[in-house]
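Q: Sharing a structure, written as structure tokens. Questions coming.
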Amino acid sequence: MLKYTLIFMCLSFTPCKAIDIDKLLSSMNYEEKCGQMTQVVFDVVQNSPQPTDFDVNPVNLTKLEYAIKQKHIGSILNTPYYLAQKASTWQKVISSIQDTSLQTRLKIPVIYGLDSIHGANYVQEAVLFPHSISLGGSFNLDLIAKIAHTISLETRAVGIPWNFNPVLDVGRQPLWPRIFETFGEDAYLVGKMGEAYIQGSHGNDLKNRSNIATCLKHYVGYSLPFNGRDRTPAYIPENLLREVFLPPFEKGVLAGSSTVMVNSAEVNGIPGHANYHYLTEILKGELKFSGFVVSDWGDIVQLKYRDKFVESDEEAVRVAVMAGLDMSMARVDDATRRILKVKNDLGLFEDAYPFPEDLAKIGAMESHDLSLEAARESIVLAQNDGTLPLNLNRKILIAGPSGSVLRVLNGGWSYVWQGNVESYFNDFGTQKKTTIFEEVKKIKENTEYSQGANFTHLTNLEETLNKAKSVDIIILTIGEDSYCEIPGNINNLMLSEAQQKLSERLLELGKPIVLVYIGGRPRIITKIAQKSNAVLIGFLPGEKGSQAIAEIIFGKYNPNAKLSVTYPLDANGFSTYDYKPLEVHDTNKVQMLYGFGHGLSYTHFEYLNLKLSKKIVSFEESLTVSVTVKNSGQMDGKESVLLFLNDEYASVTRPVRKLKGFKKSGRAWDI
């Protein structure tokens, strides 16, 4: 007992040297190596039933000891009971796990992984930021790095050193229910945002208690399902793969991401977890990825049960390993070495425990301020006939389902997987969250709310119409309820019939209407938008989104976001901004409601003195493009300058334009 206590004290409180991976590997038996390559969900070690007290440690020590001491499990993921936990309880969980790992022969720490997608969203006190589809519209790399650092700080503070983020899928299928997790439809934008996210997460030293290991996902081609539904087939030729879907992952690897998660679906008939060409030839061969590859949720066995790709569980493991997955019985030494390296890089062998004093870092005022800054820079003013900013003398009615609920501002991955439990947004967090109605009313007291319809059905329609008749202006808040992954699958992009009916009846009144769209993907709002006086596209702006929307409506903040995705005009005939010349040849047309990169301001920016550093550029030379941007309006503001190029002639047809650079700043400046 004395010997054990001394070892425990050393590992818990005294910095120890990083380990010699090769020496440790040579001392491990086959079962221990296989255990390191195994990750289990927290269910395996949790108490049952779920306690009613969030202060109770949910770990079942008997189950935990079996998993770690007898099965040598090297990693655990997800949140207890699929629900956000208190930060102090998380620290109890991680301490219990690492205590148990110290009781094993080799005392290898467990690496815990969590989906901190738009904040440390499974920590009750943590701050929720806008989702990536909104953040992409900020075109602000410094902002992304700051957000990533805050997410890392709040996740690591509870003892979790590994985040299953960023999503580097390129969102080019608007039906897909995970498009909101992407930074948009352009490969360059997604790659640069991902690069900034990784840099903000990793910092200069992964051992630092404010930094965290990242996981690039979902490698690769996951985001272009042919029918738009999650985890369904994609068909991507090699040239499209290399031009659109692979480059963000290449940037992520070069930025130093520690891990990669595999595509849950299939591309060209080959499941992601069985794709040797993608996992070994490209990722580990061409891109020279040195971290480890992790499977997505239970997808190895799906090779048998869902994909019918193999006939047995054993064959599923063999195929996945031979494809390049670092989890199984074959290439065991290479896989184990990669996993041990990441644990070593994170400093887990030196000290894998959380620090109680780090709890004060979670939910800090500066983190909430950053969330507000992010929301402000993520909300797009898509249309305005001069109605905005609103005059404070006007009487206002807010109608529609998005105006009085909190969950839709945050969407999926918010306290629970689907983000659909409204009470948690009231109960959790270190600051009170507010609805759009509450924030508008703070600025303009003479404001009423009447729903008229929820997300699926008409409610108090006639009452809402009667109230609307007596006001000067209507703020119509429509969109989607919260969802994530397969439960968010839809058959078409049309807005629900109930919301369409509510909008039609309100428009018939002839009152000025400000349309506010909140949702994870661009549902069809064309007829409503074309008859509205102003349109704000919020997508999923996070817990401070309501305040940012109110500030923009009343001109207390000048909008500066631009769309990170093309907003479709109709449910069919969709094209991204980088369409091919053939799509507009003869009688063909490309039509969209609002294009990628579109966004209005309350001021006016002039572009002057466009210059190129060279007139002729050889293959290996670089070109500098400069332009002066002047704010010639009456209001301070920020502007994102987007640089597009096109290749006029090529042996493979080229898009009409491609984004190749962007920069954001304010007032008058040179780029």
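Q: Taking region 633-669 as the region of interest, how many residues are without any contact (Cβ under 8 Å) to a residue 12 or more places away in the chain and touching a strand residue (DSSP E or B) at 6+ places or on another chain (Cβ under 8 Å)?
A: The total comes to 0.
Q: Continuing with this model, one more query. List the number of the failed condition for Lys614; all other conditions in (1) surrounded by fewer than 17 Cβ atoms within 10 Å (Cβ to Cβ); (2) under 30 Å from Ile133 (Cα atoms) hold.
A: (2)
Q: If you don't mind, there's one more thing I want to ask. When you scan region 186-200, do you find a residue that is basic (Lys, Arg) and in contact with a Gly (Cβ under 7 Å, 6 or more places away or on another chain), even just one? If you could, list the steps in order and put the result at the bottom.
A: Let us first name the residues in region 186-200 that are basic (Lys, Arg), namely 192.
Going one step further and asking which of them are in contact with a Gly (Cβ under 7 Å, 6 or more places away or on another chain), we end up with none.
Within region 186-200 (the criterion being basic (Lys, Arg) and in contact with a Gly (Cβ under 7 Å, 6 or more places away or on another chain)), the answer is no, since none of the residues qualifies.
Q: Follow-up question, since we're still on this one. Tally up the residues in region 586-611 that are over 35 Å from the mean Cα position of the chain (by Cα) and crowded, with 17+ Cβ neighbours inside 10 Å, please.
A: Adding up the residues that qualify gives 0.
Q: Just for region 324-343: of the residues that are assigned to a helix (DSSP H, G or I) and among the basic types (Lys, Arg), which one is surrounded by the most Cβ atoms within 10 Å (Cβ to Cβ)? If you could, list the steps in order and put the result at the bottom.
A: Of the residues in region 324-343, the ones assigned to a helix (DSSP H, G or I) are 332-343.
Then drop every residue that is not among the basic types (Lys, Arg), which leaves 337-338, 341, 343.
Numbers: Arg337: 18, Arg338: 22, Lys341: 15, Lys343: 25.
Only one residue fits best here, namely Lys343.
Q: Hey, among Ala157, Ala196, which residue is farther than 21 Å from Leu141 by Cβ, among the hydrophobic types (A, V, I, L, M, F, W, C) and assigned by TED's automatic domain parsing to the domain that holds Ala234? Spell out how you get there, then give the answer.
A: Working: Ala196 fails: farther than 21 Å from Leu141 by Cβ.
Being farther than 21 Å from Leu141 by Cβ, among the hydrophobic types (A, V, I, L, M, F, W, C) and assigned by TED's automatic domain parsing to the domain that holds Ala234 holds for just one of Ala157, Ala196, which is Ala157.
Q: Restricting to region 59-86, name every residue that is surrounded by fewer than 18 Cβ atoms within 10 Å (Cβ to Cβ) and either of a type in the set (A, V, I, L, M) or part of a helix (DSSP H, G or I) (or both).
A: The answer is Leu61, Thr62, Lys63, Glu65, Tyr66, Lys69, Gln70, Tyr81, Tyr82, Leu83.
Q: Six or more apart or on different chains, Cβ atoms under 8 Å: show the pairs whose first residue is in region 377-396 and over 14 Å from Lys531 (Cα atoms) and whose second is among the acidic types (Asp, Glu) and assigned to a loop (DSSP other than H, G, I, E, B).
A: If the second residue must be among the acidic types (Asp, Glu) and assigned to a loop (DSSP other than H, G, I, E, B), the pairs left are Arg394/Asp472; Lys395/Asp472; Ile396/Asp472.
Q: Further, regarding this structure: Pairs needed: first member in region 608-632, in the same structural domain as Leu642 (by TED's automatic domain parsing); second member anywhere, modelled with pLDDT under 90; C-beta distance under 6 Å; at least 6 residues apart or different chains.
A: Short answer, once both residue conditions are applied: Val627/Ile671; Thr628/Asp670; Lys630/Ala668; Asn631/Arg667; Asn631/Ala668.
Q: Would you point out the residue of region 384-419, among those that are in a loop (DSSP other than H, G, I, E, B) and within 18 Å of Glu125 (Cα to Cα), that is farthest from the chain's Cα centre (by Cα)?
A: Once the filter is applied, the top-ranked residue is Leu406.
Q: Next question, about the same structure. Can you find a residue in region 111-129 that is surrounded by 24 or more Cβ atoms within 10 Å (Cβ to Cβ) and on the phi > 0 side of the Ramachandran plot?
A: yes
Let's see how each residue does on (1) part of a helix (DSSP H, G or I); (2) touching an Asp or Glu at 6+ places or on another chain (Cβ under 6 Å):
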{"residue": "His273", "(1), (2)": "yes, yes"}
{"residue": "His277", "(1), (2)": "yes, no"}
{"residue": "Lys284", "(1), (2)": "yes, no"}
{"residue": "Ser290", "(1), (2)": "no, no"}
{"residue": "Val293", "(1), (2)": "no, yes"}
{"residue": "Asp296", "(1), (2)": "no, no"}
{"residue": "Gln302", "(1), (2)": "yes, no"}
{"residue": "Glu311", "(1), (2)": "no, no"}
{"residue": "Ala316", "(1), (2)": "yes, no"}
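Q: Here is a further query. Would you check which residues across region 344-361 are among the acidic types (Asp, Glu) and either in contact with a Cys (Cβ under 7 Å, 6 or more places away or on another chain) or in a loop (DSSP other than H, G, I, E, B) (or both) and list them?
A: The answer is Glu350, Asp351.
Q: Name every residue in region 109-166 that is within 17 Å of Tyr82 (Cα to Cα) and part of a helix (DSSP H, G or I), in order of residue number.
A: Residue satisfying the conditions is Thr155 alone.
Q: Also, I was wondering about something else. Is there a residue in region 278-296 that is crowded, with 17+ Cβ neighbours inside 10 Å and over 28 Å from Pro161 (Cβ atoms)?
A: Checked region 278-296: no residue is crowded, with 17+ Cβ neighbours inside 10 Å and over 28 Å from Pro161 (Cβ atoms).
Q: Picking from Gly347, Gly285, which residue would you name as being modelled with pLDDT of 95 or more, within 22 Å of Asn78 (Cα to Cα) and of a type outside the set (Ser, Thr, Tyr)?
A: Gly347
Q: Hey, another quick one. Which one is farthest from the chain's Cα centre (by Cα), of the residues in region 420-454 that are of a type in the set (D, E, K, R) and either at pLDDT below 95 or outside any helix (DSSP H, G or I) (or both)? Lay out the reasoning, then the answer.
A: Residues of region 420-454 of a type in the set (D, E, K, R): 422, 427, 432-433, 438-439, 441-442, 444-445, 448.
Those left that are additionally either at pLDDT below 95 or outside any helix (DSSP H, G or I) (or both): 432-433, 444-445, 448.
Values: Lys432: 23, Lys433: 20, Lys444: 33, Glu445: 35, Glu448: 34 Å.
Going through the qualifying residues, I end up with Glu445.
Q: Which of the residues spanning region 169-212 are basic (Lys, Arg) and either within 19 Å of Gly597 (Cβ to Cβ) or part of a helix (DSSP H, G or I) (or both)? Give the steps one after another, and end with the answer.
A: Taking region 169-212 and keeping what is basic (Lys, Arg), we get 172, 178, 192, 207, 209.
Result: Arg172, Lys192.
Q: So which residues in region 146-184 are under 21 Å from Ile362 (Cβ atoms) and of a type in the set (A, V, I, L, M, F, W, C), if there are any at all?
A: Ile147, Ala148, Ile151, Leu153, Ala157, Val158, Ile160, Trp162, Phe164, listed by residue number.
Q: State whether one or more residues within region 528-546 are over 23 Å from Glu438 (Cα atoms), buried (at least 19 other Cβ atoms within 10 Å of the Cβ) and not polar (S, T, N, Q).
A: Residues of region 528-546 that are over 23 Å from Glu438 (Cα atoms), as a first pass: 528-531.
The next check asks that each one be buried (at least 19 other Cβ atoms within 10 Å of the Cβ); those that pass are 528-529.
Next, only the ones that are not polar (S, T, N, Q) stay: 528-529.
Scanning region 528-546, I find at least one residue that is over 23 Å from Glu438 (Cα atoms), buried (at least 19 other Cβ atoms within 10 Å of the Cβ) and not polar (S, T, N, Q), so the answer is yes.
Q: Given the conditions (1) part of a strand (DSSP E or B); (2) more than 18 Å from Ala529 (Cα to Cα), report the number of the one that Ile474 does not fulfil.
A: Of the numbered conditions (1) part of a strand (DSSP E or B); (2) more than 18 Å from Ala529 (Cα to Cα), the odd one out for Ile474 is (2).
Q: Hey, can you tell me all the residues within region 14-58 that are of a type in the set (Phe, Trp, Tyr) and either surrounded by 13 or more Cβ atoms within 10 Å (Cβ to Cβ) or at positive phi (or both)?
A: Phe42, Phe54
Q: So Asp647 ticks every box in (1) out of contact with any Lys or Arg (no Cβ under 6 Å at 6 or more places or on another chain); (2) closer than 22 Å to Gly184 by Cβ; (3) exposed (fewer than 13 other Cβ atoms within 10 Å of the Cβ) but one. Which box is left unticked?
A: (1)
Q: Only one of Thr214, Thr182 is among the hydroxyl-bearing types (Ser, Thr, Tyr) and touching an Asp or Glu at 6+ places or on another chain (Cβ under 6 Å). Can you tell me which? Steps first, please.
A: Numbers: Thr214 fails: touching an Asp or Glu at 6+ places or on another chain (Cβ under 6 Å).
After ruling out the rest, the residue left standing is Thr182.
Q: Okay, next question. Quick one: how many residues across region 616-671 are polar (S, T, N, Q), within 31 Å of the chain's Cα centre (by Cα) and assigned to a strand (DSSP E or B)?
A: Adding up the residues that qualify gives 2.
Q: Something else about it: Go through Arg231, Arg242 for me and flag whichever is more than 18 Å from Gly661 (Cα to Cα), among the basic types (Lys, Arg) and in contact (Cβ under 8 Å) with a residue 40 or more places away in the chain.
A: Result: Arg231 is the single residue among Arg231, Arg242 that is more than 18 Å from Gly661 (Cα to Cα), among the basic types (Lys, Arg) and in contact (Cβ under 8 Å) with a residue 40 or more places away in the chain.
Q: For Leu240, indicate whether it is assigned to a helix (DSSP H, G or I), among the hydrophobic types (A, V, I, L, M, F, W, C) and at pLDDT 95 or above.
A: In short, yes.
The values are calculated or read from the model by the stated rules, or taken from the named source; none is laboratory data. Model, not experiment: these values are computed from the prediction. Cβ sites come from the backbone with ideal geometry, for glycine too, and all protein chains shown count toward neighbours.
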